[in-house]
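The values are calculated or read from the model by the stated rules, or taken from the named source; none is laboratory data. These numbers come from a predicted model, not from an experiment. Cβ: placed from backbone, ideal geometry, glycine included. Neighbour counts: every protein chain shown.
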Amino acid sequence: MRTCELQTIDRGVTELCTSALPDAPGLRAARERVGEVCEKVLARAHDAGVLRPDFGLDDLAFAIAAITRAAPLGDWRRHLTFLLDGIRPQDT
């Protein structure tokens with residue numbers, strides 16, 4: 001949630017997270033570290049069965065960018081709730 005809030009308030013954070021800034025070595029390394037951490041979190045969620053098996057890092061990045069760019073300040077929380085409900089595995 002904090003990432004969504006930061007990206008909504010400060011578009012510079014969004015640019016940093018979405019690789020729109022020049023590919024400086026320090027930025028690249030930071031993005032790679034964040035990606036590795038996110039991959040681990042997604043793997044744990046998949047293993048626990050609380051995340052759709054087809055939801056990956058690219059989906060997460062897209063979803064966060066879409067929520068924070070399209071939503072007026074404050075509305076991102078509502079859209080994040082929809083997203084979180086939608087990425088849970090369906091009971092069959």
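Data for the structure
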| read-out | value |
| --- | --- |
| Subset of the range 76-92 [of a type in the set (Ser, Thr, Tyr) and at pLDDT below 80] | Thr92 |
| Criterion violated by Ala65 - all others in (1) at pLDDT below 90; (2) not in a helix (DSSP H, G or I) satisfied | (2) |
| Any hit, the range 16-31, residues being assigned to a helix (DSSP H, G or I) and modelled with pLDDT of 80 or more | yes |
| Enumeration of residues in the range 36-56 that are surrounded by 14 or more Cβ atoms within 10 Å (Cβ to Cβ) and either in contact with a helix residue (DSSP H, G or I) (Cβ under 8 Å, 6 or more places away or on another chain) or of a type in the set (S, T, N, Q) (or both) | Cys38, Leu42, Leu51, Phe55, Gly56 |
| The range 82-92 - residue that is without any contact (Cβ under 8 Å) to a residue 24 or more places away in the chain and under 13 Å from the mean Cα position of the chain (by Cα) and, of those, surrounded by the most Cβ atoms within 10 Å (Cβ to Cβ) | Leu83 |
